Amino acid sequence: QVQLVESGGGLVQAGGSLRLSCAASGSIRAIDAMGWYRQAPGKQRDLVATITSRNSTIYADSVKGRFTIYRDNAKSTVYLQMNSLKPEDTAVYYCYYYRFNSWGQGTQVTVSS
């Protein structure tokens, strides 16, 4: 099993930046794929970005060119750098560990206009 702890959310003005962190512990491997999802009020949880075992990345169209997912295997941490934030990026952001189908507790990101 794996435990995921997210941090870095908060309130930011449109055009600003935030960096989310997801620290993993437990039966983790550096090659495992991890991702970030988000859920806005009244909406389903959607993929934001994934980083695969070979450090390939996949992004939702809505965040391409603005968000970057990357990992630090020495710290067992995956990051989501979010730039040029928009009000529509407001959501709870969740870290996901694919091999164990495990979710973090979520961190709130609020972008004001």
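Observations
- Qualifying residue in segment 28-39 (condition: in contact (Cβ under 8 Å) with a residue 40 or more places away in the chain, open to solvent by 40 Å² or more (accessible area, probe 1.4 Å) and among the small types (Gly, Ala, Ser)): yes
- In summary, Gln108 fulfils each of the numbered conditions (1) of a type outside the set (Val, Ile, Thr); (2) in a strand (DSSP E or B); (3) open to solvent by less than 40 Å² (accessible area, probe 1.4 Å); (4) in contact (Cβ under 8 Å) with a residue 60 or more places away in the chain with the single exception of condition (3).
- Segment 86-101: number of residues that are among the hydrophobic types (A, V, I, L, M, F, W, C) and open to solvent by 10 Å² or more (accessible area, probe 1.4 Å): 2
- Residue list for segment 47-62, restricted to those being of a type outside the set (Ser, Thr, Tyr), touching a strand residue (DSSP E or B) at 6+ places or on another chain (Cβ under 6 Å) and not in a loop (DSSP other than H, G, I, E, B): Leu47, Val48, Ala49, Ile51, Ile58
- All positions within segment 45-61 that are within 16 Å of Val109 (Cα to Cα) and of a type outside the set (Val, Ile, Thr): Arg45, Asp46, Leu47, Ala49
- For segment 24-40, the set of residues classified as within 24 Å of Val111 (Cβ to Cβ), touching a Leu at 6+ places or on another chain (Cβ under 8 Å) and either assigned to a loop (DSSP other than H, G, I, E, B) or not aromatic (Phe, Trp, Tyr) (or both) consists of Gly35 only.
- The selection criterion, being free of Cβ contacts under 8 Å to residues at least 60 places away in the same chain, in contact with a strand residue (DSSP E or B) (Cβ under 6 Å, 6 or more places away or on another chain), of a type outside the set (D, E, K, R) and within 17 Å of Ile31 (Cβ to Cβ), holds for Ser76.
- Selection status of Ser7, open to solvent by 50 Å² or more (accessible area, probe 1.4 Å) and in contact (Cβ under 8 Å) with a residue 60 or more places away in the chain: yes
- Selection from segment 10-25 of residues that are touching a Phe, Trp or Tyr at 6+ places or on another chain (Cβ under 8 Å) and either of a type in the set (A, V, I, L, M) or farther than 13 Å from Gln81 by Cβ (or both): Leu20, Ala24
- Restricting segment 57-80 to residues that are open to solvent by less than 50 Å² (accessible area, probe 1.4 Å) and of a type in the set (S, T, N, Q), the residue that is nearest to the chain's Cα centre (by Cα): Thr77
The values are calculated or read from the model by the stated rules, or taken from the named source; none is laboratory data. The model shown is predicted, which means the values in this text are computed figures rather than measured ones. All Cβ positions, even for glycine, are placed from backbone atoms using ideal geometry, and neighbour counts span all protein chains on display. These accessible areas exclude ligands, DNA and RNA; they are computed on the full protein's heavy atoms, side chains included. Shrake-Rupley method; radii C 1.70, N 1.55, O 1.52, S 1.80 Å.
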